[in-house]
Amino acid sequence: MDGKVKKQKQHQQKHSGPKAEKKKAKKQRGSAEEDERKRNPKAFAVQSATRMAKTFHRAQDIKTRKHHIPLVDRTPLKPPPIVIVVVGPPKVGKSTLIRCLIKNFTRQKLGDICGPVTIVSGKKHRLTFVECNNDINTMIDLAKVADLVLMLIDASFGFEMETFEFLNICQVHGFPRIMGVLTHLDSFKNNKTLRKTKKNLKHRFWTEVYQGAKLFYLSGMVYGEYQTQEVKNLGRFISVMKFRPLVWQTSHPYVLVDRMEDLTDPDKIRTDPKCDRTVSLYGYLRGTHLKNKGQVHIAGVGDFQVSDVNFLPDPCPLPDAQKKRALNEKERLLYAPMAGVGGVVYDKDAVYIDLPASHVNQQQEEVRPTTELVQSLIDTHATLDAKMAASKVSLFSGSATLDPTDISEQSSEQEGLREKSVWDPKTQRERRKVLFTEGEEEEDEEDEDASGSSDDEADESVEEEDQNEDDLSTFLKEARLESTKATAGGGPPVKKQKLEEKEGEGGETEELAFADSEDELENSSEESESEGEAGRARDSGHCSEEEEEEESNDEEEEDDDEDSEDESMEEEGSAADDMAKSESEEEAEQGTLRWKEGLQQKASEAFLRQQEAAPNLRKLVYGSVVEADDSEEEEEEELGGLFRVSRPQKSKKFQANARDCSRFNPDSSHNWDLEEMLNSIRDCFVTGKWEEGQDAATLLKEDEALYGDFEDLETGEIHKDQTGQQDEAEYSENDEDDGDEGEESLVKVDDEEVQKNKRLEKKRRLKERFDAEYDDGDATYFDDLKEEMQKQAELNRAEFEDVDDETRVQYEGFRPGMYVRLEISPLPCEFVTNFDPHYPVVLGGLGSNEGNVGYLQMRLKKHRWYERILKTRDPLILSLGWRRFQTIPLYHIEDHNGRHRLLKYTPQHMHCGASIWGPITPQGTGFLAVQSVAGTKVNFRIAATGVILDLDKSVTIVKKLKLIGYPYKIFKNTCFIKGMFSTVLEVAKFEGASVRTVSGIRGQIKKALSTPPGAYRATFEDRLLMSDIVFLRSWYPVSVPQLYNPVTSLLLPVGQKDSWSGMRTLGQLKHDLGIRNKPNTDSLYKPISRAQRHFNPLHIPNELQKALPFKSKPKQQQRKGKTPKDLQRPSVIREPHERKVMALLHALSTVKNYKRNKAHTLQHAKHKDFLQQKKKEEEAKLKRQKEAQKKLYRVMGQLDKKKQRSSLKGASQDN
């Protein structure tokens, strides 16, 4: 098994079957089309220029319609999980769909959906599912953070009001991607009805979202779950979907909280249960960067200051970047703390492990150390101090125990070296590494072999892991044997290998002081020299650059196989390693307290050795720097062919008794006047012989052949060797004629290679120049803009690319995609005591000015589906930005003269202005209004929508005020008016104002009168009557009520979170208190009794009558009386004979008229038949003419074709 290497199975192409047939047909079809084009090009040519232009324009229209304004891509390299909100009315299948999708992606079943559920769905994709209940507060909050909305619709019932409410909320707060899902389709028994219902629902959904919006059909359920293939298709669409960045989300940081912890002191809660709490909230940061100590708003709670922010290890990390098609089972992570799923929960300074009792009993024997440790932490009943006082420690197996009194003289720094916390990125948890002595280290590694297999996250099964480890061990054994044979002088330094392992394992966390003397205190005096050198791997500023490179090499080697390193290094030991183990075991058996002998002396020696080490001043001043390798250092020993160990004590920089680490005394022990000393270093220079076959003179000649040309920058003279001149001559010939490249063959192979490279370089330059000139011809402004945004995005990513997270956070804040922990100190206790995981907690970051409250000017429109109109000064609940709050708006409309006139009610089907007192929000932010968030109403709940226009009090709202007065004295056109004002001062303020009467006579206020108070003199266009009413129309400024009442729905008890009620309207108060309005008697309708008024006749003077035109002069005409009897015409009385004659004539005329009418009717009917017959004949005639024209045109066309053919034949013969 050691010698076998498992090879990846190669892909075998199908030679038969449907796939192979499909590929063959595709290839044949493609070749056939190409043959057709070559054989008959005219058939594929442009037939109609007009049609081609239309097609081209249509294609360009479609392409341009897809264009969006390019935005800078600010998505991080590891983006946060996509928030998928599942919305729908009750009992429509939301929880079932989430469970099916989670099972599809992770192969795990989830019971109750509580809070956000985060899963890993692919190599680069993570999803967070949130279920949205029917509460309007939840719908508003989740619409602001959703990336994708799965809108469930009960097809058997149709659209419900909650669907349209959520769509309108999304339209206001930035429209995320929306996919419809039809459920309950199995209730349709008739196929035709099902198809018709699908079509109707689809088109109505397209009307609300956009044409072509995706609508999925879940046909039925099998054993309480949706069909696997349909859920898989839905999951594929979700995985490949792209998302458009929304303005509000990309400009504000926000966290969808998936875990909440109460950090308040328990003693404080015990003494005062109602005290304010300190709470830590956890979740993925989304949107933009979040600064520490910033201001945030918790939707449903209020505004708060963040006490502290930390980023934690990702609890649901993406799998490692490796080429594979699917995730293995261990990478299908599921993280839902509120639902009790996800075994490990991370905190700022601890890791909580969910450990059920049954799990402990089953695996007690397998992972005994880990389980005992966790179980002891769970079952603890005594304080840490009491345990420390009573504890006894056994350093080695089978040795005597130590009391705390035995080791009281040991310093705190040395005690701290017993344990070290190491973050394991593979298992995503913090592992507590114990630093043992050499004898105990072997036992520790054996324990890790027993318990470390459960922490591996490999792609294959356990057997394949063991096989890979065996392969690696055999490879390392062979490498060590080769290095042992090649190394002269003794066996490999075994102890250095152990120390190199320790350095690689603990390289991630910072070590404490005196760490480099730890091994020397444990080992014998013979090994102290080599042990002290390995201890210099700690970063104390005294290590050379070579040692830094060795450390980095070691860390790179460990990164290749991080999980199984301890096991492999333990199993890989050669014969020398076995000898080292036996020596360390013998030392352990000699006595467990041998390390305490001569502590003071060994500590002083370690201190002197640390001071004597040659310092690197640049590392002391600048930190880690890159320098050239020091040629004065001696050769280093290779360990196993992989690692190198430096010996600074033997180097020339080592000074015997130096104390000052900032001084460097050169070594003067060598006599450089002797010829032997000079010969010893002769080959160290450029002109020497470096190795066998690498003489300096030979290499310089070869370099001259390759790089012989150079330019003197001072004189400008260009020096060329012989081959270079030949190259230039040939290069100039190539410039004249590109086809004559390489005519002469060169003698040397190297010269030929150089010539070939030059030709390729020249071609590449010419191609780049050609591309630069001609490829930019089709580039549009849109392409240039996209390229500019792409460059900006790359620049943004490269700025902090190589900086560690701790430093980046200080400069740019916490970036999106991080899993953060926010600590918020004064939080109401009801938030913790009434916490319900079914209601989402959205924590939104506020801008610099968004924490202030002031006047806002808005444009508002009552929603057309809301039944009632909105009244000014009625409290309204607005959703604006992250907040939901209640305020009192004033509605107004702008007149043509710029005056903002107060409206009592919102107008129907048109916008109006609104002024409120609320939180400062950027201009252009959309909002929606509801009158109540308590309960579920039958009707549509969204009352109005609108947008923020201005953030100041520049608009002055005025309302109309009519002052009424009555005349009490009339002197022609002058009147004395009383009852309008009460003092002389009020009259003085309105002097010169315009007044008018109800009958329309205009006037002006002149001056106040002394008595009665408030009376004034006014002049009018005409004489007034005592019954006239005079009124003055004025405009009175109105102040906006300052009410800002945040909706604190999350503070309500569990089960009552959808019953928040704020300030009630006046009508609601009267209704609740049973108060009935007493009507004003003047406002009641009464029967109107008006006396008949008699007006005097109009009197026109005679002089004026003469000047008037005739039509305006009064006409003095008398009435016509009765005609006198003598002037009346007498009646004629006929004789009997005359009466008979008249009767006969009347009968004859009647018969004649009857006959004439009958003849006319017959004639009309005949004429109608004649016209129909004529019409048929005309149609037949036209048909014959058309057929004749067709025959004629056909013959003419054939003749034209014959002529054309004959002319073409004649033209070809002429040629």
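The values are calculated or read from the model by the stated rules, or taken from the named source; none is laboratory data. Computed from a predicted structure; not experimentally measured. Positions of Cβ are generated from backbone atoms using ideal geometry, with glycine treated the same way; all protein chains shown enter the neighbour counts. All accessible areas refer to the heavy atoms of the entire protein, side chains included, with ligands and DNA or RNA removed. Shrake-Rupley method; radii C 1.70, N 1.55, O 1.52, S 1.80 Å.
Protein heavy-atom accessible surface, 1.4 Å probe, per residue over the stretch 959-1037: 62 Å². Ordering 303-316, 1102-1115, 225-238 by mean Cβ neighbour count within 10 Å, with the highest value first, yields 303-316, 225-238, 1102-1115. Potential lengthening of the chain between Phe971 and Phe1095 amounts to 42.5 nm, from the contour at 0.36 nm per residue minus the alpha-carbon distance.
Using heavy atoms of the protein chains and a probe of 1.4 Å, the accessible area assigned to Asp1126 is about 120 Å². Peptide packing for 101-108, 946-953, 266-273 was compared via the average number of neighbouring C-beta atoms within 10 Å per residue; ordered from the highest value, the list is 101-108, 946-953, 266-273. Only the Cβ atoms of Lys and Arg (+1) and of Asp and Glu (-1) were treated as charged; on that basis the dipole of the stretch 959-1037 about its Cα centre amounts to roughly 100 debye. What is the local net charge at Arg901, summed over the other residues whose Cβ is closer than 9 Å to its Cβ (Lys, Arg +1; Asp, Glu -1)? Cβ neighbours under 9 Å give a net charge of +1.
When the pairs Lys144/Lys862; Lys962/Lys1078; Lys63/Lys786; Lys1166/Lys1190; Lys962/Lys1007; Lys19/Lys196 are compared against a 27 Å limit on Cα-Cα distance, Lys1166/Lys1190; Lys19/Lys196 fall above it. Dipole of the stretch 959-1037 computed with +1 at Lys/Arg Cβ and -1 at Asp/Glu Cβ about the Cα centre; of Ile1001, Leu1025, Thr974, farthest Cα towards the positive end is Ile1001.
Oblate is the label for the stretch 959-1037, because a/c, from the alpha-carbon gyration tensor with a ≥ b ≥ c as root eigenvalues, is 1.5 or above and a/b does not exceed b/c. What is the stretch 818-888 by shape, rounded, prolate or oblate, if you read a ≥ b ≥ c off the alpha carbon gyration tensor as root eigenvalues and call it rounded for a/c under 1.5, prolate for a/b larger than b/c, and oblate otherwise? Prolate, because a/c is 1.5 or more and a/b exceeds b/c. How high is the FRET efficiency between Glu991 and Phe1110 when r is their beta carbon distance and R₀ equals 41 Å, given to the nearest 0.05? Step by step, r from the Cβ atoms, then E = 0.25. Which one, Val947, Leu903, Pro919, projects farthest toward the positive side of the charge dipole computed for the stretch 903-989 from Cβ point charges (K/R +1, D/E -1)? Ranked along the dipole, the leading option is Leu903. Other residues whose C-beta falls under 15 angstrom from the C-beta of Met1026 contribute a net charge of +3, scoring Lys and Arg +1 and Asp and Glu -1. Of the peptides 1136-1142, 282-288, the ranking by mean beta-carbon count within 10 Å, highest at the top, reads 282-288, 1136-1142. Normalising the average separation of contacting C-alpha pairs (under 8 angstrom, six or more residues apart) by the number of residues puts the relative contact order of the stretch 959-1037 at 42 percent. Surface composition of the stretch 959-1037: carbon and sulfur atoms hold 54% of the protein heavy-atom accessible area at a 1.4 Å probe.
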